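Here is the structure we will look at.
The values are calculated or read from the model by the stated rules, or taken from the named source; none is laboratory data. Computed from a predicted structure; not experimentally measured. Backbone-built Cβ (ideal geometry, glycine too); neighbour counts: all protein chains shown. Ligands, DNA and RNA are stripped out before the accessible areas are found, and what is left, the full protein with its side chains, is counted by its heavy atoms. Shrake-Rupley method; radii C 1.70, N 1.55, O 1.52, S 1.80 Å.
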Amino acid sequence: ADEGHFSWDFSVCDLEDIVYAISMDTGISIVTDDTVSGKGSFKFSGKDFDSAFDSFLDSSRLYVEKKDKLWVVSRFKYTELDGFLYLDAYDLSPNLIVEKLSEKMKTIITFDTLPANPITVHIKSNNEIDLLRKLNKFLYGIEMVEDENSVHFSKNMNLQKKNMVLNNNCEFIKNEDGSFVIDLKEEDSFVNILNN
């Protein structure tokens, strides 16, 4: 092949394997971080590697941070540009997003266990606390408690109180055969809780 001419044909391969092969062929040190998983496809033949690689990243919902001698591919991107902060994350667990943010921000971030379902967020803000408030809107059942230079994400006490009301209004009685009976003290409030 000509110098600088590349040819790849990956069909439904592990993203980490595709990145590894591209790194080997180009001689560029490219690695994936702990946010990258799943499969993707990449077909390319030609010399315009940069455009092809950008296209692969876009179609696979990935970002790249190009450091001096190392490119890091990730599903998470946090940038500061023209006085604004940008958070972009594709298909990531809230735990991982908050962990990554805590490594990048000056604000100290602590958190309880966050919802497990992956989320995709694209947030623009002019300060860290506001960005975290916007992120919190994506975290169902989690409240953000602010202190000076620190933030804590914890389970929302109102939801816990709602569950306590449910427990106070009904009693679970275990029979000798192992089955259960529910004794409803206030049927209306039990139905209201289920409908909320």
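Carbon and sulfur together cover what percent of the accessible area of region 98-146 at a 1.4 Å probe radius? Walk me through the numbers on the way to the answer.
Values: 1430 of 2870 Å².
That share works out to 50 percent.
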Binned Cα-Cα distances of region 1-65, short to long, each 5 Å bin given as a whole percent: 4, 17, 32, 29, 14, 4, 1
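Under unit Cβ charges (Lys, Arg +1; Asp, Glu -1), what dipole magnitude, rounded to 20 debye, does region 35-136 have relative to its Cα centre? Don't jump to the answer; show the numbers that get you there.
Values: 15 positive and 15 negative charges, 44 e Å.
Computed charge dipole of region 35-136: roughly 220 debye.
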Expressed as a whole number of Å, what is the distance separating the alpha-carbon centroids of region 107-156 and region 40-70? 30
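May I ask for the net charge around Lys106, where only other residues with Cβ less than 13 Å from the Cβ of Lys106 are counted and Lys, Arg are +1 while Asp, Glu are -1? Present the calculation step by step, with values, prior to reporting the outcome.
Values: positive: Lys104; negative: Glu80, Glu103, Glu128, Glu148.
Here the count lands on -3.
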Taking the Kirkwood radius as the inverse of the mean 1/r across Cα pairs, report the Rg/Rh of region 1-152. 1.04
Once you've got the Cα coordinates, tell me which of Lys66/Lys106; Lys47/Lys67; Lys106/Lys155; Lys39/Lys100; Lys47/Lys100 are over 28 Å apart. Lys47/Lys100
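Which GluC sites (Glu not before Pro) in region 1-110 sit in a loop by DSSP (not H, G, I, E or B) and have at most 14 other Cβ atoms within 10 Å of their own Cβ?
Working: sites: Glu3, Glu16, Glu65, Glu80, Glu99, Glu103; in loops: Glu3.
Qualifying residues, ordered by number: Glu3.
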Summed over the other residues with a beta carbon less than 10 angstrom from that of Ala89, with K and R at +1 and D and E at -1, the charge totals +2
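Over region 103-148, average the accessible area per residue using a 1.4 Å probe and give it in Å², no decimals.
65
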